[in-house]
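Read through the structure below, which is laid out as structure tokens, and then see the notes.
Each value in this text was obtained by applying a stated rule to the coordinates, not by laboratory testing. The structure displayed is predicted, hence computed values, not measured ones. In this analysis, Cβ positions are derived from the backbone assuming ideal geometry, glycine residues included, and neighbour counts consider all displayed protein chains.
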Amino acid sequence: MVIDTLTVKDFRNYAAQTVRFSTGLNVLAGANAQGKTNLLEAVYLCCVGRSPRTVRDKDLIRRGREEGRVLTEAVKRDGKTAVEVRLSKSENKRIAVNSLPISRIGELMGAINCVFFSPDELKIVKESPSDRRRFLDTDICQMSKTYFYLLNRYNKILTQRNRLLKGGDGGALHSTLPVWDEQLADAGAKIIVTRRKFIDKLKPLVKQEHSFLTGGAEDIDLEYEGIAGADTAAAKANFLKALSDNMKRDVKHGFTGEGPHKDDFAVRLSGVDLRAFGSQGQQRTAALSLKLAELEIFAGEIGEYPVLLLDDVLSELDLSRQKQLLERIQKVQTILTCTHLELKPPEAVFYAVSEGTVEISSKKQR
Ligand SMILES: Nc1ncnc2c1ncn2[C@@H]1O[C@H](COP(=O)(O)OP(=O)(O)OP(=O)(O)O)[C@@H](O)[C@H]1O
Ligand SMILES: [Mg+2]
């Protein structure tokens with residue numbers, strides 16, 4: 001799929017702006033703090049329903065304004081799709097797909113798909129398990145509404161179970177806990193199995209991407225870490241056992257200590273755990289490989305490539321890796337931000353971003 005136009009109104013530092021993108025490589029260039037990342041954020045908002053940078057939707061509205069708006073128009077294999085997000089200081093955001101308002105954010109999933117990479121994504125490899133879970137969940141949600149609703153259900157049940165645990169070791173606990181355990185294990189097992197399958201698919205693709213970026217110098221591997229179980233029945237049985245084995249501890253802590261909300265995945269380079277021992281450069285390249293592998297997963301699942309959003313990525317790579325990356329992304333519509341670009345791919349369209357305005361600075365040479 002390709003994004004045809006992006007329109008922002010009173011969004012971040014933009015008053016009103018429409019940008020038409022080319023189907024290939026689009027380079028948004030400009031000095032710091034001009035509004036480059038803001039445009040990627042606007043596209044992401046229409047794909048995922050939230051900002052990659054903040055959970056406070058109101059921060060997205062231009063300072064001093066009451067309302068903001070973003071419209072992303074895409075062309076997919078099966079026709080055009082438009083997603084509009086209306087932001088308001090006084091009420092929740094409203095989203096419409098092809099002019100039809102949606103009542104639940106799950107309905108947005110898959111309308112327009114993107115893969116977003118920014119220097120911040122380094123935390124997929126470097127930071128806490130929750131960052132890696134977010135990586136898995138954001139992706140799987142974009143491909144499956146069912147998974148999105150499943151995660152919501154799981155989190156609701158988990159909240160209920162934790163509330164019960166916090167209430168202490170009373171009679172109500174022992175009679176009610178098994179009911180919640182059953183429900184939690186049921187939803188949890190489906191999440192575990194889906195994530196594990198996703199990692200299995202991701203693994204060979206990440207290996208390929210990583211080998212390409214590093215010229216074959218490093219061998220990367222992934223492994224899901226969590227409740228065991230190859231199928232839902234096995235995962236459910238194991239999860240139920242873990243819940244009952246750890247019941248005393250859970251009651252003491254007032255919190256459920258086992259389950260997909262605690263799971264993680266290991267990233268290893270030639271057998272060494274990258275999470276703990278990787279150099280900054282290795283972690284960055286691994287995170288990029290994960291994102292590039294995501295493109296292929298999407299292509300396999302939905303039959304076309306999502307749009308690739310690359311925020312400030314090239315500045316962090318040496319020239320040979322920059323070249324490799326630019327070659328790699330040729331078959332995907334890419335919107336890339338940078339302050340300056342040493343390599344100037346002739347097939348790219350360049351946009352100058354300055355103080356919340358965007359102008360085409362050079363057209364693709366055909
Ligand atoms: N709600 C808002 N209203 C008005 N301006 C905002 C708002 N939120 C952010 N900004 C402004 O947007 C600018 C930052 O934009 P953005 O993050 O897109 O910069 P950038 O071009 O990507 O810069 P860099 O190269 O440093 O990453 C800042 O000047 C900031 O003050
Ligand atoms: Mg930026």
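Side notes on the structure shown:
- Which numbered condition residue 51 misses (of (1) within 16 Å of ligand 2 (Cβ to nearest atom); (2) without any contact (Cβ under 8 Å) to a residue 12 or more places away in the chain; (3) of a type in the set (Gly, Ala, Ser); (4) more than 26 Å from residue 107 (Cα to Cα)): (4)
- Test: residue in segment 326-335 that is basic (Lys, Arg), without any contact (Cβ under 8 Å) to a residue 24 or more places away in the chain and closer than 26 Å to residue 281 by Cα: no
- Residue within segment 117-138 that is of a type in the set (A, V, I, L, M), crowded, with 20+ Cβ neighbours inside 10 Å and within 13 Å of the chain's Cα centre (by Cα) present: yes
One line per residue, one yes/no per condition, for (1) among the small types (Gly, Ala, Ser); (2) surrounded by 20 or more Cβ atoms within 10 Å (Cβ to Cβ):
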{"residue": "197", "(1), (2)": "no, no"}
{"residue": "225", "(1), (2)": "no, no"}
{"residue": "234", "(1), (2)": "yes, no"}
{"residue": "239", "(1), (2)": "no, yes"}
{"residue": "254", "(1), (2)": "yes, no"}
{"residue": "266", "(1), (2)": "yes, no"}
{"residue": "289", "(1), (2)": "yes, yes"}
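Residue-wise test of (1) crowded, with 19+ Cβ neighbours inside 10 Å; (2) over 21 Å from residue 114 (Cα atoms); (3) more than 22 Å from the chain's Cα centre (by Cα).
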{"position": "285", "(1), (2), (3)": "yes, no, no"}
{"position": "300", "(1), (2), (3)": "no, no, no"}
{"position": "308", "(1), (2), (3)": "yes, no, no"}
{"position": "316", "(1), (2), (3)": "no, yes, no"}
{"position": "334", "(1), (2), (3)": "yes, no, no"}
{"position": "352", "(1), (2), (3)": "no, yes, yes"}
{"position": "355", "(1), (2), (3)": "no, yes, yes"}
{"position": "361", "(1), (2), (3)": "no, yes, yes"}
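- Residue within segment 40-49 that is out of contact with any Asp or Glu (no Cβ under 9 Å at 6 or more places or on another chain) and part of a loop (DSSP other than H, G, I, E, B) present: yes
- Some residue of segment 63-78 being within 16 Å of ligand 2 (Cβ to nearest atom), under 30 Å from residue 285 (Cα atoms) and surrounded by 15 or more Cβ atoms within 10 Å (Cβ to Cβ): no
- Matching entry among 353, 267 (being within 16 Å of ligand 2 (Cβ to nearest atom) and aliphatic (A, V, I, L, M)): 353
- Count of segment 1-24 residues which are part of a strand (DSSP E or B) and more than 16 Å from ligand 1 (Cβ to nearest atom): 7
- The residues listed here are 218, 258; of these, the one that is under 30 Å from residue 327 (Cβ atoms) and in a loop (DSSP other than H, G, I, E, B) is 218.
- Among the candidates 32, 38, the residue that is among the polar types (S, T, N, Q), near ligand 1 (Cβ under 10 Å from one of its atoms) and surrounded by fewer than 20 Cβ atoms within 10 Å (Cβ to Cβ) is uniquely 32.
- When 33, 82 are checked against the criterion of being without any contact (Cβ under 8 Å) to a residue 24 or more places away in the chain, small (Gly, Ala, Ser) and within 16 Å of ligand 2 (Cβ to nearest atom), a single residue qualifies: 33.
- Of all residues in segment 41-60, exactly one satisfies the criterion of being touching a strand residue (DSSP E or B) at 6+ places or on another chain (Cβ under 9 Å), among the charged types (D, E, K, R) and near ligand 1 (Cβ under 8 Å from one of its atoms), namely 41.
- Qualifying residue in segment 91-98 (condition: surrounded by 14 or more Cβ atoms within 10 Å (Cβ to Cβ), within 30 Å of residue 223 (Cβ to Cβ) and without any contact (Cβ under 8 Å) to a residue 60 or more places away in the chain): no
- Screening residue 288 with (1) free of Cβ contacts under 8 Å to residues at least 60 places away in the same chain; (2) more than 29 Å from residue 187 (Cα to Cα); (3) not acidic (Asp, Glu) gives one miss only, at (1).
- Within segment 103-112, being in contact with a Cys (Cβ under 6 Å, 6 or more places away or on another chain) and either assigned to a strand (DSSP E or B) or under 19 Å from residue 5 (Cβ atoms) (or both) holds for one residue alone: 112.
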